[in-house]
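Before any comments, here is the structure.
The values are calculated or read from the model by the stated rules, or taken from the named source; none is laboratory data. This structure is a prediction, so every number in the text was calculated from the model and none was measured. Positions of Cβ are backbone-derived with ideal geometry, glycine not excepted, and every protein chain shown enters the neighbour counts.
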Ligand SMILES: NC(=O)c1ccc[n+]([C@@H]2O[C@H](COP(=O)([O-])OP(=O)(O)OC[C@H]3O[C@@H](n4cnc5c(N)ncnc54)[C@H](O)[C@@H]3O)[C@@H](O)[C@H]2O)c1
């Protein structure tokens with residue numbers, strides 16, 4: 001078991017990583033006893049884990065559930081309103097809880113509801129994907145997509161507790177698991193290498209990924225990196241942006257693929273595109289690119305921009321990126337592993353630099 005606390009703004013988040021902990025929720029979170037709890041989850045996670053969770057909590061608390069359709073398109077204002085409606089009808093007060101059971105979509109949506117209803121309900125995250133367990137459940141960013149812009153509406157509202165049970169990852173489809181790992185690999189690239197990181201990276205093979213011990217170590221390392229960056233830069237003005245490495249091209253490719261690529265797959269393509277350009281300009285050792293390409297390919301993650309997308313289409317998408325402004329676009333670049341930096345380039349310069 002790994003336990004730690006993260007202090008962000010005026011809030012403390014209790015983080016626990018323990019295999020099997022979701023089956024003993026009240027041991028880890030005794031504060032849930034005697035309260036009203038709204039469990040928010042999605043249509044894919046609900047049949048797997050909702051009933052067991054309700055059974056545990058209903059013995060000591062009043063439990064309500066809200067299931068939204070699985071997928072990014074549920075991160076929308078209509079679902080925020082549906083949740084508000086439930087909370088109003090069931091007379092929730094600020095002493096009560098919202099518990100997010102699911103991936104980053106459910107976590108972002110539920111956290112936004114919790115942060116705004118009566119100016120703040122207690123919030124618990126029970127993440128069920130690699131992305132959510134290693135990253136999105138901590139750090140306090142809440143969001144919904146609006147008018148086709150991802151994460152346009154949001155707040156900063158750290159959860160009171162994040163309970164990470166790596167066993168929940170075993171029901172993830174292989175493709176989803178690999179896509180989530182692309183984000184962990186990204187985190188390892190932007191953070192100072194620890195002695196155990198090389199060994200951890202060497203162990204990432206499709207066969208080993210069925211082992212909860214390895215999954216626990218990977219999500220714990222991802223969470224440690226996220227914790228550090230969120231602590232230094234809670235409001236996302238500088239260091240926290242390093243987490244966007246690979247996301248500039250990644251977001252453009254993801255948007256052009258219109259649902260055919262998972263987010264992590266697009267990030268895999270985006271990281272490699274940026275690293276290839278850095279190597280071509282002798283700004284990054286070739287060995288870092290080679291190792292990363294090998295690792296991503298071994299997980300069956302794509303590393304090439306799909307041929308049907310032209311540079312012009314990618315550039316047009318980039319101009320609508322949240323990180324873009326009139327001057328150009330802010331990029332996350334790497335001098336080497338663990339040495340990220342931010343640089344703003346005009347669109348013309350970026351197009352040329354990318355080659
Ligand atoms: N707040 C943050 O700091 C932050 C950081 C990174 C990403 N995000 C957000 O997270 C979202 C992406 O998160 P995600 O990759 O977890 O996607 P997701 O929540 O959409 O989950 C991916 C799919 O996996 C399914 N699923 C979830 N858990 C499962 C399980 N244990 N077994 C089987 N299927 C399961 C879901 O139903 C869904 O179909 C995006 O909206 C992104 O913007 C937020």
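Name every residue in segment 323-338 that is within 26 Å of the chain's Cα centre (by Cα) and exposed (fewer than 13 other Cβ atoms within 10 Å of the Cβ), in order of residue number.
325 - this is the single residue of segment 323-338 that is within 26 Å of the chain's Cα centre (by Cα) and exposed (fewer than 13 other Cβ atoms within 10 Å of the Cβ).
Sort through 6, 29 and tell me the only one that's buried (at least 20 other Cβ atoms within 10 Å of the Cβ), within 28 Å of residue 229 (Cβ to Cβ) and out of contact with any helix residue (DSSP H, G or I) (no Cβ under 8 Å at 6 or more places or on another chain).
Answer to the check: 29.
Would you mention how many residues in segment 108-157 are more than 14 Å from the chain's Cα centre (by Cα), part of a loop (DSSP other than H, G, I, E, B) and within 27 Å of residue 318 (Cα to Cα)?
Within segment 108-157, residues that are more than 14 Å from the chain's Cα centre (by Cα), part of a loop (DSSP other than H, G, I, E, B) and within 27 Å of residue 318 (Cα to Cα) number 4.
Could we say that residue 243 is over 26 Å from residue 136 (Cα atoms), crowded, with 19+ Cβ neighbours inside 10 Å and in contact (Cβ under 8 Å) with a residue 12 or more places away in the chain here?
No: the conditions fail for residue 243.
Within segment 77-107, which residues are part of a loop (DSSP other than H, G, I, E, B) and either within 11 Å of the ligand (Cβ to nearest atom) or not assigned by TED's automatic domain parsing to the domain that holds residue 44 (or both)?
103
Would you be able to say whether some residue in segment 278-300 is closer than 14 Å to residue 247 by Cα, more than 20 Å from the chain's Cα centre (by Cα) and free of Cβ contacts under 8 Å to residues at least 60 places away in the same chain?
As a first pass, look at segment 278-300 and keep what is closer than 14 Å to residue 247 by Cα: none.
No, the conditions are met nowhere in segment 278-300.
Working carefully through the options 293, 307, find the one that is surrounded by 17 or more Cβ atoms within 10 Å (Cβ to Cβ) and either in a loop (DSSP other than H, G, I, E, B) or outside the structural domain of residue 135 (by TED's automatic domain parsing) (or both).
After ruling out the rest, the residue left standing is 293.
Residues to consider are 171, 129, 142; find the one that is more than 30 Å from residue 288 (Cβ to Cβ), in contact with a strand residue (DSSP E or B) (Cβ under 8 Å, 6 or more places away or on another chain) and within 9 Å of the ligand (Cβ to nearest atom).
Details: 171 fails: in contact with a strand residue (DSSP E or B) (Cβ under 8 Å, 6 or more places away or on another chain); 129 fails: more than 30 Å from residue 288 (Cβ to Cβ).
Result of the check over 171, 129, 142: 142.
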